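Student: I have a structure I would like to understand better, so I am pasting it below and will then ask my questions one at a time.
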Amino acid sequence: MDSLFLLLLVVLMGAALISGFPVAFALPGSAILSIGLAALSGYIFVGDPSAFFAQDGPVQWLSSGVTNFRSVYWEVERDTLIAIPLFVFMGIMLQRSKIAEDLLVAMAQLFGPVPGGLGISVVFVGALLAATTGIVGATVIAMGMISLPAMMRHNYDKSLATGTICASGTLGQIIPPSIVLIILADQLSNAADVANNMRRSEYKLATGEGMMPGEFDVVSASAGDMFVGAFLPGMVLVGLYMLYILATAILKPGSAPPVPYEGKYDGQFAVRILLALIPPLTLIFVVLGSIILGIATVNQAGAIGAIGALIMGSYRLAEGQRNAYAPAVLALTSLVVIAAVLSIVPLNVKNIENSEQATGLVVVSIASIALTIAIFWGIWRAYTIQNTLQEVMLETAKTTSMVFIILLGAAMLTAAFRGFGGEHLVKEFLTGLPGGFWAQFIVVMLVIFVLGFFIDFIEISVVVVPIVAPILLSDPGANITAVWLGVMLGLNLQTSFLTPPFGFALFYLRGVAPPEVRTIHIYKGAIAFIVLQLVGMVIVAYFPPLANYLPNRTYLTSENAPPPINPKIQECIEQQLFPVYLENQPQLDQAVATFAQVDLENVPSSYRKSLEKSLEIVPTIKEQVLAIQQTEAELIEFSKGYADLHYRVRDLEKEIRGHDREIDAFEQGIKRFEQSEGNFASQIAQLEKDIEFHKQEREKLTAQIPAEWKEQRKRFMELAKAEKKARTMYRRSVDEAYQPLLDLSEVLSQTEQLQGLEAPLLQMKGVIETATPDEATERFKAIESQLGEISGTSKIKSPLSKARRLFKKGEPDREKALGYFEESVSTYREELAWRQQALQSVAPGLLAYDDALKPTVGLRLQPRMSLERAKQVSACKSTHNDISLYF
């Protein structure tokens with residue numbers, strides 16, 4: 001019966017959407033009606049409102065619905081969704097202030113003389129507008145009104161012209177910043193959490209281990225990751241569009257002839273082109289660059305973009321006036337001054353230490369005030385000229401409200417869908433498809449592609465993605481990242497703007513196209529670009545690094561990059577590092593031999609023994625690397641014959657678990673009937689027959705599991721554990737070999753700092769003899785704190801701590817405290833003496849030894865990777881590796 005109400009839910013939602021009922025009310029309305037009918041039917045016919053729910057019941061659904069509502073409502077606090085109104089404002093402001101129009105006209109004049117140049121310029125401008133506005137309707141309408149008449153006037157093929165404009169306008173959905181990408185990032189971050197739980201459950205079921213290794217976790221995605229990941233795929237689409245137009249112009253010269261520029265290519269032309277091109281490009285660089293470089297979060301970058309668009313719009317709206325560029329010049333000058341001061345003087349308002357910093361703070365404050373004036377000047381212009389600001393704010397509020405209301409409704413719909421077991425049915429259907437992940441993925445993409453013919457991208461993102469994404473992300477065979485999946489879904493959703501009969505880009509262009517351009521021309525032109533988008537999807541699917549590399553590189557080269565010891569990047573580092581060991585072992589041996597000649601006699605035994613152990617370990621690293629490579633080769637070789645058996649048995653076990661779930665469901669049904677009033681003997685008898693049938697099927701499937709399965713699985717796990725053990729031993733060894741260098745280097749580097757504490761330490765004698773207990777305690781704490789900042793001073797600090805504690809007990813024993821003081825001073829002088837001597841005799845050799853070990857043995861313990869190493873690891877992490885044999 002739960003399947004019946006699931007069907008009712010889908011029918012209600014489909015009927016509401018097809019009838020034109022507002023999406024914001026269709027989604028929650030269909031959920032509430034179906035949940036209410038299911039609860040009422042259960043109460044009337046069985047006496048249990050939860051009877052017709054696959055999981056939970058109406059009360060639980062209501063609770064989860066309220067939770068979803070609250071979580072979506074409060075998500076406006078997060079970076080992912082707060083950026084939506086900011087980017088919407090930026091796009092609408094640029095469109096209303098005609099910045100986009102100026103850009104389109106300038107590029108058409110620049111590229112027009114090239115065969116197909118006018119069409120190429122439309123694609124180029126579409127890409128730029130996508131990176132500044134991201135509003136499909138605004139872009140298509142603007143280009144349709146400006147470019148289409150020019151293309152028709154110069155005898156462009158109607159289908160090619162309209163297809164180019166429509167497709168270029170949709171680039172805003174995949175080229176960041178994009179509202180689609182923000183919504184997908186929000187949905188996929190939740191889906192990644194669900195997928196992680198699914199993968200952990202599967203790992204525990206397969207291995208019996210409660211903890212899944214961290215390197216097997218599903219890689220999630222933020223909005224910033226999605227922006228960076230979509231950049232190269234977006235450029236792939238731009239390249240395909242341009243190549244298609246150029247090829248068409250060459251093969252069919254009459255369909256896209258060159259358009260000569262009627263004016264002169266003089267200085268005025270160059271200035272006009274630069275003024276149209278540089279501001280949008282600067283805004284793109286600032287917004288996307290701040291995200292990519294890790295300077296700003298997505299919502300901070302959105303705020304920058306909104307202010308930038310406002311400043312740009314202010315001078316375009318006031319074009320021809322005396323001080324048209326004054327706000328922009330003032331804002332730019334202020335930013336240059338602030339950047340220049342910060343590059344010279346590091347400022348911290350809470351900690352101004354000298355007059356130079358105080359002067360810098362004054363200058364930056366004045367520049368900030370000037371920037372604020374420029375912003376308010378721009379706001380005033382946008383408010384007073386053509387009522388632009390009010391119209392932009394109103395459109396931003398409408399668009400943002402629509403998005404958030406749909407998100408709320410979708411949360412309720414998804415909860416209802418899961419309550420009726422829809423998620424389980426979808427998972428069973430997808431996982432039951434022959435062909436594994438790629439069959440599932442293709443089916444999902446086809447479903448989304450078809451839905452795009454009828455449903456808007458937002459509904460697909462918030463309704464379909466939360467259901468199918470966890471299933472795809474949790475698959476250990478493909479082991480895809482959320483960024484790659486999000487980019488693929490974004491490319492697919494982009495086609496929904498072009499696919500008839502409800503492609504919005506087609507409607508937008510139809511509204512501004514002249515009468516001689518018929519609807520059939522627009523549809524025909526869109527088909528070629530739909531094919532190009534599908535080709536782009538295939539390219540990105542085949543080359544995952546197109547989506548994964550830039551996010552990985554941005555993260556691994558940022559200020560927040562994980563250190564090389566991070567478990568999730570170990571195998572990639574070792575993959576790059578092991579050949580270096582095998583090539584450079586003679587140099588490592590020479591470094592060991594050279595450092596072994598250094599006299600360590602005066603170095604304390606704890607450091608000396610650790611260094612001597614390091615000298616013993618380093619020559620064995622090559623053997624450990626070879627051991628890892630051998631165990632890895634054995635595991636790979638065994639896996640070749642084992643993989644087919646593994647997949648076959650796991651498929652059988654999935655079917656067995658399916659029968660187990662059916663048996664559990666039927667047994668629950670029998671319990672409900674037995675607890676209800678009335679005669680349900682026939683229904684119970686039927687359920688018992690169904691249980692018997694599934695038990696028989698389960699036994700048949702169990703009998704199909706090969707007899708050698710357990711032995712083969714045991715052998716695989718032994719080899720996997722042997723490889724893991726070899727890697728663990730190697731990692732422990734290199735850490736033990738290099739850590740002593742770090743410890744001693746740190747101690748010696750603080751020798752001067754320790755020497756500077758001699759006077760404060762000796763002054764403690766007078767404090768002990770004459771100071772009050774409170775004063776003495778404070779002085780003890782101060783000197784202990786200073787010693788605590790220096791490595792290896794615990795033996796100096798310990799007697800002082802004992803002396804301090806004597807001053808807490810009424811009248812202190814000053815003689816005993818002086819004894820502790822003398823012990824501390826003696827230890828201090830011994831410590832300082834060996835450090836000063838080691839600086840002369842040990843430090844040079846230690847530095848040379850460290851330089852030899854740092855790129856290899858010491859890499860794991862470095863605070864961050866080199867740029868070159870980070871690039872290599874980024875490339876390694878950008879591929880999808882099959883880990884299904886571990887599940």
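The values are calculated or read from the model by the stated rules, or taken from the named source; none is laboratory data. Because the structure is a prediction, the values reported are computed rather than measured. In this analysis, Cβ positions are derived from the backbone assuming ideal geometry, glycine residues included, and neighbour counts consider all displayed protein chains. Ligands, DNA and RNA are stripped out before the accessible areas are found, and what is left, the full protein with its side chains, is counted by its heavy atoms. Shrake-Rupley method; radii C 1.70, N 1.55, O 1.52, S 1.80 Å.
Student: Quick test of your reading of the structure: GLU516 fulfils all but one of (1) under 21 Å from the mean Cα position of the chain (by Cα); (2) under 30 Å from LEU243 (Cα atoms); (3) of a type in the set (Asp, Glu). Name the failing condition by number.
Tutor: In the conditions (1) under 21 Å from the mean Cα position of the chain (by Cα); (2) under 30 Å from LEU243 (Cα atoms); (3) of a type in the set (Asp, Glu), GLU516 misses (1) alone.
Student: Continuing with the same structure: Give the residues of region 248-262 that are open to solvent by less than 30 Å² (accessible area, probe 1.4 Å) and in a helix (DSSP H, G or I), sorted by residue number. Don't jump to the end; show me each part of the working.
Tutor: Kept after step one, since they are open to solvent by less than 30 Å² (accessible area, probe 1.4 Å), are these residues of region 248-262: 248-249, 255-257, 259.
Hits for region 248-262 are THR248, ALA249, SER255.
Student: Would you confirm whether or not region 743-765 contains a residue that is at pLDDT below 85 and either open to solvent by 10 Å² or more (accessible area, probe 1.4 Å) or under 30 Å from LEU588 (Cβ atoms) (or both)?
Tutor: Within region 743-765, the subset at pLDDT below 85 is none.
Within region 743-765, not a single residue is at pLDDT below 85 and either open to solvent by 10 Å² or more (accessible area, probe 1.4 Å) or under 30 Å from LEU588 (Cβ atoms) (or both).
Student: Something else about it: Quick check: anything in region 238-252 in contact (Cβ under 8 Å) with a residue 12 or more places away in the chain, within 30 Å of ASN479 (Cα to Cα) and over 20 Å from the mean Cα position of the chain (by Cα)?
Tutor: At the first step, the residues of region 238-252 found to be in contact (Cβ under 8 Å) with a residue 12 or more places away in the chain are 238, 240-242, 244-246, 248-250, 252.
Subset that is within 30 Å of ASN479 (Cα to Cα): 238, 240.
If we keep only those that are over 20 Å from the mean Cα position of the chain (by Cα) as well, we get 238, 240.
Yes, that holds for at least one residue.
Student: Residues to consider are LYS568, LYS524; find the one that is part of a helix (DSSP H, G or I), open to solvent by 20 Å² or more (accessible area, probe 1.4 Å) and under 30 Å from ALA150 (Cβ atoms). It would help to see each step written out before you state the result.
Tutor: Values: LYS568 fails: under 30 Å from ALA150 (Cβ atoms).
Just a single option satisfies the conditions, and that option is LYS524.
Student: Among ILE245, ILE291, which is the only one that is surrounded by 18 or more Cβ atoms within 10 Å (Cβ to Cβ), out of contact with any Leu (no Cβ under 9 Å at 6 or more places or on another chain) and part of a helix (DSSP H, G or I)? Show your work before the answer.
Tutor: Numbers: ILE245 fails: out of contact with any Leu (no Cβ under 9 Å at 6 or more places or on another chain).
Going through ILE245, ILE291 in turn, just one is surrounded by 18 or more Cβ atoms within 10 Å (Cβ to Cβ), out of contact with any Leu (no Cβ under 9 Å at 6 or more places or on another chain) and part of a helix (DSSP H, G or I): ILE291.
Student: Would you tally the residues in region 3-34 being assigned to a helix (DSSP H, G or I), modelled with pLDDT under 70 and open to solvent by 50 Å² or more (accessible area, probe 1.4 Å)? Lay out the reasoning, then the answer.
Tutor: Residues of region 3-34 assigned to a helix (DSSP H, G or I): 3-18, 23-34.
So of that shortlist, the ones also modelled with pLDDT under 70 come out as 3, 17-18, 23-24.
Filter once more, keeping what is open to solvent by 50 Å² or more (accessible area, probe 1.4 Å): 3, 18.
Residues meeting the conditions: 2.
Student: Name, by its number, the condition in (1) open to solvent by less than 30 Å² (accessible area, probe 1.4 Å); (2) touching a Ser or Thr at 6+ places or on another chain (Cβ under 8 Å); (3) among the polar types (S, T, N, Q) that does not hold for SER801.
Tutor: (2)
Student: Here is a follow-up. So, in region 151-178, of the ones that are of a type in the set (A, V, I, L, M) and open to solvent by less than 20 Å² (accessible area, probe 1.4 Å), which residue ends up nearest to ALA296 (Cα to Cα)? Spell out the reasoning first.
Tutor: Taking region 151-178 as the starting set, the residues that turn out to be of a type in the set (A, V, I, L, M) are 151-152, 160-161, 165, 167, 171, 174-175.
Among the residues that remain, those that are also open to solvent by less than 20 Å² (accessible area, probe 1.4 Å) are: 151, 160-161, 165, 167, 171, 174-175.
Details: MET151: 41, LEU160: 40, ALA161: 39, ILE165: 33, ALA167: 31, LEU171: 24, ILE174: 21, ILE175: 19 Å.
Only one residue tops the list, namely ILE175.
Student: Out of (1) part of a helix (DSSP H, G or I); (2) over 30 Å from GLN837 (Cα atoms); (3) open to solvent by 20 Å² or more (accessible area, probe 1.4 Å); (4) not aliphatic (A, V, I, L, M), the odd one out for PRO706 is which?
Tutor: Going through the list (1) part of a helix (DSSP H, G or I); (2) over 30 Å from GLN837 (Cα atoms); (3) open to solvent by 20 Å² or more (accessible area, probe 1.4 Å); (4) not aliphatic (A, V, I, L, M), PRO706 breaks only (1).
Student: Can you tell me which condition GLY320 does not meet? The list is (1) surrounded by fewer than 15 Cβ atoms within 10 Å (Cβ to Cβ); (2) on the phi < 0 side of the Ramachandran plot, and all the others hold.
Tutor: Result: GLY320 fails condition (2) only.
Student: Could we say that LEU556 is touching a Pro at 6+ places or on another chain (Cβ under 6 Å), under 30 Å from GLY234 (Cα atoms) and crowded, with 16+ Cβ neighbours inside 10 Å here? So that I can check it myself, show each step before the final result.
Tutor: On the way: touching a Pro at 6+ places or on another chain (Cβ under 6 Å): no; under 30 Å from GLY234 (Cα atoms): yes; crowded, with 16+ Cβ neighbours inside 10 Å: yes.
No; evaluated as a whole, the condition is false for this residue.
Student: Which of (1) of a type in the set (Ser, Thr, Tyr); (2) in a loop (DSSP other than H, G, I, E, B); (3) crowded, with 22+ Cβ neighbours inside 10 Å is the odd one out, the single condition TYR265 does not satisfy?
Tutor: Every condition holds for TYR265 apart from (3).
Student: Do we have VAL873 as in contact with a helix residue (DSSP H, G or I) (Cβ under 6 Å, 6 or more places away or on another chain) and assigned to a loop (DSSP other than H, G, I, E, B) here?
Tutor: Numbers: in contact with a helix residue (DSSP H, G or I) (Cβ under 6 Å, 6 or more places away or on another chain): yes; assigned to a loop (DSSP other than H, G, I, E, B): no.
Answer is no for this residue.
Student: Suppose the filter is of a type in the set (Val, Ile, Thr) and either surrounded by fewer than 18 Cβ atoms within 10 Å (Cβ to Cβ) or at pLDDT 85 or above (or both); does VAL236 pass it?
Tutor: Numbers: of a type in the set (Val, Ile, Thr): yes; either surrounded by fewer than 18 Cβ atoms within 10 Å (Cβ to Cβ) or at pLDDT 85 or above (or both): yes.
So VAL236 passes the test.
Student: Just checking, does region 716-735 include any residue being closer than 28 Å to TYR828 by Cα, assigned to a helix (DSSP H, G or I) and open to solvent by less than 40 Å² (accessible area, probe 1.4 Å)? Quick ask: steps written out before the conclusion?
Tutor: Step one: filter region 716-735 for residues closer than 28 Å to TYR828 by Cα, giving none.
Within region 716-735, none of the residues are closer than 28 Å to TYR828 by Cα, assigned to a helix (DSSP H, G or I) and open to solvent by less than 40 Å² (accessible area, probe 1.4 Å).
Student: Right, here's the next one. With the structure loaded, tell me whether LEU394 is touching a helix residue (DSSP H, G or I) at 6+ places or on another chain (Cβ under 9 Å), without any contact (Cβ under 8 Å) to a residue 40 or more places away in the chain, within 30 Å of ALA230 (Cβ to Cβ) and open to solvent by 50 Å² or more (accessible area, probe 1.4 Å) or whether it fails that test.
Tutor: On the way: touching a helix residue (DSSP H, G or I) at 6+ places or on another chain (Cβ under 9 Å): no; without any contact (Cβ under 8 Å) to a residue 40 or more places away in the chain: yes; within 30 Å of ALA230 (Cβ to Cβ): yes; open to solvent by 50 Å² or more (accessible area, probe 1.4 Å): yes.
It is false that LEU394 is touching a helix residue (DSSP H, G or I) at 6+ places or on another chain (Cβ under 9 Å), without any contact (Cβ under 8 Å) to a residue 40 or more places away in the chain, within 30 Å of ALA230 (Cβ to Cβ) and open to solvent by 50 Å² or more (accessible area, probe 1.4 Å).
Student: Now a separate question. Within region 784-795, which residues are open to solvent by 20 Å² or more (accessible area, probe 1.4 Å) and under 43 Å from the mean Cα position of the chain (by Cα)?
Tutor: Scanning region 784-795 gives SER785, GLN786, GLY788, GLU789, SER791, GLY792.
Table: residues versus (1) in contact (Cβ under 8 Å) with a residue 60 or more places away in the chain; (2) surrounded by fewer than 16 Cβ atoms within 10 Å (Cβ to Cβ); (3) assigned to a loop (DSSP other than H, G, I, E, B); (4) not polar (S, T, N, Q).
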site: ALA782; (1), (2), (3), (4): no, yes, no, yes
site: GLU822; (1), (2), (3), (4): no, yes, no, yes
site: THR856; (1), (2), (3), (4): yes, no, yes, no
site: ASN881; (1), (2), (3), (4): yes, yes, yes, no
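Student: Is it the case that some residue within region 633-644 is out of contact with any Gly (no Cβ under 6 Å at 6 or more places or on another chain) and within 30 Å of GLY845 (Cα to Cα)? Give the derivation first.
Tutor: Looking only at region 633-644, we keep the residues that are out of contact with any Gly (no Cβ under 6 Å at 6 or more places or on another chain), and these are 633-644.
Then drop every residue that is not within 30 Å of GLY845 (Cα to Cα), which leaves none.
Looking for residues that are out of contact with any Gly (no Cβ under 6 Å at 6 or more places or on another chain) and within 30 Å of GLY845 (Cα to Cα), one finds none in region 633-644, hence no.
Student: If I filter region 572-592 for residues that are more than 30 Å from LEU181 (Cβ to Cβ), in a loop (DSSP other than H, G, I, E, B), open to solvent by 20 Å² or more (accessible area, probe 1.4 Å) and not hydrophobic (A, V, I, L, M, F, W, C), do I get at least one hit?
Tutor: Looking through region 572-592, none of the residues is more than 30 Å from LEU181 (Cβ to Cβ), in a loop (DSSP other than H, G, I, E, B), open to solvent by 20 Å² or more (accessible area, probe 1.4 Å) and not hydrophobic (A, V, I, L, M, F, W, C).
Student: Also, quick follow-up: Can you say whether PRO551 is over 30 Å from LEU160 (Cα atoms) and in a loop (DSSP other than H, G, I, E, B), as far as the supplied structure shows?
Tutor: Details: over 30 Å from LEU160 (Cα atoms): yes; in a loop (DSSP other than H, G, I, E, B): no.
So PRO551 fails the test.
Student: Give region 666-699 a look and list any residue that's under 24 Å from VAL649 (Cα atoms) and either surrounded by 12 or more Cβ atoms within 10 Å (Cβ to Cβ) or among the acidic types (Asp, Glu) (or both), or say none. Walk me through how you get there before you give the answer.
Tutor: Just the residues of region 666-699 that are under 24 Å from VAL649 (Cα atoms), to begin with: 691-699.
Residues satisfying the conditions are ILE691, GLU692, PHE693, HIS694, LYS695, GLU697, ARG698, GLU699.
Student: How about region 464-488: which of its residues are touching a Gly at 6+ places or on another chain (Cβ under 9 Å) and open to solvent by 20 Å² or more (accessible area, probe 1.4 Å)?
Tutor: If the condition is that a residue be touching a Gly at 6+ places or on another chain (Cβ under 9 Å) and open to solvent by 20 Å² or more (accessible area, probe 1.4 Å), then ASP475, GLY477 are the ones that fit.
Per-residue answers, yes or no, for (1) surrounded by 14 or more Cβ atoms within 10 Å (Cβ to Cβ); (2) modelled with pLDDT of 80 or more; (3) within 32 Å of the chain's Cα centre (by Cα); (4) within 25 Å of ASN560 (Cβ to Cβ):
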site	(1), (2), (3), (4)
GLN300	yes, yes, yes, yes
VAL336	no, yes, yes, no
LEU342	no, yes, yes, yes
GLY378	yes, yes, no, no
